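Asks: Got a structure for you, questions after.
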Amino acid sequence: MTVIETVPADSEDTRGSSLPRYLALKAGGSLISLALVVVLGFFMFRIIPGDPAINMTRGRQVSPGEVERLRQEMGLDKPLLVQFWRFVRDLFTGDLGTSYVYRRPVTDLIGDYIGPTLLLTGTAAIISIALGLWLGQKAAWRRGSWFDKIHTGVALVFWSVPTFWLGLLLLLVFGGGLGWFPTGGMQSPDVAHSGPAHVADVAKHLFLPCLTLTLAYLAEYHLVMRSSLLDEKAEYYLVTARAKGLRDSLVRRRHAVPNALLPTVTLILLNFGFVVSGAITVETVYSWPGLGLLSYDALSGPDIPLLQGVFLLFSAAIILFNLVADVMYGFLDPRVTS
């Protein structure tokens, strides 16, 4: 008696029905995370020590009545739940409040400072992704070679070094010591604010902070890519590809590297979320006028509306890119949705 094995006809239907359910679950989880961020972003900054009204009037001769009037203007005299309701209500209209220190809408401030942050962190992310993935796959394919030992050792050093310490070191050597690059800011006051001279001046100011972030991000991509490709090298399909007569370089490029890239998708997209938030320590070290430096300055107030606004932006960017990574995984690897 012959037994004929059949593949269920509804396998494709199962795949088609599971994918929307998978996407819906991920989208729902992201919305829940965003709601928790809104709640956390409101109450977390209310427990920061210090009264913003007192801090803003420090060093000036003001009466207690004037301080109380200032607290009323900022809405700090209302019960906490009333403040939270107003915050959520205004959030749905796109109003993040008015900065206590700058006396400007928080959305306008974010719009002014997000450009330099995207320039700095975006440039560093693109360079580090390209170099890190290339070096990582080269090191993994030549495991145990001098290339692997040197580049992996250097990557481990930069991975373990605090970013702010690396920034200070580069600033002292190439900025204050050798004087090759500016020590802070985004542009020189004596250079025209347009034309090729302006572009060259911004690039010169950008070099050191971009180098600091690139070295930190590059090490992460290098190590993750190396580890992922080492796992792929043990798979049998690579042995089959070599048995078919493919050259080693083609086996690596066409078969091993594409599969090894899957674990790096989440890492890349999550780091793109951090591109929006910037690097607070690096922007502070180099006085780079981005969202990181703006956040650091807001802590001195504390400028609660500004802190809430940038915190929500940072968190929403990370949640969004995490959702994009989950969606891409669902299409790249069907096993995720099965």
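Asks: Scan the range 141-158 residue by residue and report those that are touching a helix residue (DSSP H, G or I) at 6+ places or on another chain (Cβ under 6 Å) and modelled with pLDDT under 80.
Replies: Matches in the range 141-158: Trp141, Arg142.
Asks: Looking at the structure I just gave you, is Val275 touching a Gly at 6+ places or on another chain (Cβ under 6 Å), in a helix (DSSP H, G or I), surrounded by 19 or more Cβ atoms within 10 Å (Cβ to Cβ) and at pLDDT below 75?
Replies: In short, yes.
Asks: Those residues that are among the small types (Gly, Ala, Ser) and more than 17 Å from Phe311 (Cα to Cα), I need them from the range 72-114; list them, please.
Replies: Passing the criteria: only Gly75.
Asks: Applying the selection to the range 120-132, what residues are among the hydrophobic types (A, V, I, L, M, F, W, C) and open to solvent by less than 30 Å² (accessible area, probe 1.4 Å)?
Replies: Keep residues of the range 120-132 that are among the hydrophobic types (A, V, I, L, M, F, W, C), which gives 120, 124-127, 129-131.
Passing the criteria: Leu120, Ala124, Ala125, Ile129.
Asks: Given the condition modelled with pLDDT of 80 or more, open to solvent by less than 60 Å² (accessible area, probe 1.4 Å), in a loop (DSSP other than H, G, I, E, B) and closer than 26 Å to Gly273 by Cβ, answer yes or no: does some residue in the range 89-96 qualify?
Replies: yes
Asks: Okay, next question. Just checking, does the range 15-30 include any residue being closer than 28 Å to Val324 by Cα, open to solvent by less than 80 Å² (accessible area, probe 1.4 Å), at pLDDT below 70 and of a type in the set (D, E, K, R)? Spell out the reasoning first.
Replies: Keep residues of the range 15-30 that are closer than 28 Å to Val324 by Cα, which gives 15-30.
Narrowing further to those that are open to solvent by less than 80 Å² (accessible area, probe 1.4 Å): 15-20, 22-24, 26-30.
From what is left, the residues that are at pLDDT below 70 are 15-17.
Checking the rest, the ones that are also of a type in the set (D, E, K, R) come to 15.
Looking through the range 15-30, at least one residue is closer than 28 Å to Val324 by Cα, open to solvent by less than 80 Å² (accessible area, probe 1.4 Å), at pLDDT below 70 and of a type in the set (D, E, K, R).
Asks: Here's a follow-up. Return only the number of the condition from (1) part of a helix (DSSP H, G or I); (2) surrounded by 12 or more Cβ atoms within 10 Å (Cβ to Cβ) that Val199 does not satisfy.
Replies: (2)
Asks: Out of (1) open to solvent by 40 Å² or more (accessible area, probe 1.4 Å); (2) among the aliphatic types (A, V, I, L, M); (3) at pLDDT 70 or above, the odd one out for Ile110 is which?
Replies: Failing condition for Ile110: (1).
Asks: What are the residues in the range 167-192 that are of a type outside the set (Gly, Ala, Ser) and in contact with an Asp or Glu (Cβ under 7 Å, 6 or more places away or on another chain), if any?
Replies: Correct list: Gln187, Val191.
Asks: A follow-up question, please. When you go through (1) open to solvent by 50 Å² or more (accessible area, probe 1.4 Å); (2) at pLDDT 85 or above; (3) under 27 Å from Tyr221 (Cα atoms) one by one for Thr117, which number turns out not to apply?
Replies: The one condition Thr117 does not meet is (1).
The values are calculated or read from the model by the stated rules, or taken from the named source; none is laboratory data. In this text the structure is predicted, and so the values were computed from the model without any measurement. For neighbour counting, all protein chains shown are included, and Cβ atoms are generated from backbone atoms with ideal geometry for every residue, glycine included. In case anyone asks, the SASA skips ligands and DNA or RNA and just uses the protein heavy atoms, side chains included. Shrake-Rupley method; radii C 1.70, N 1.55, O 1.52, S 1.80 Å.
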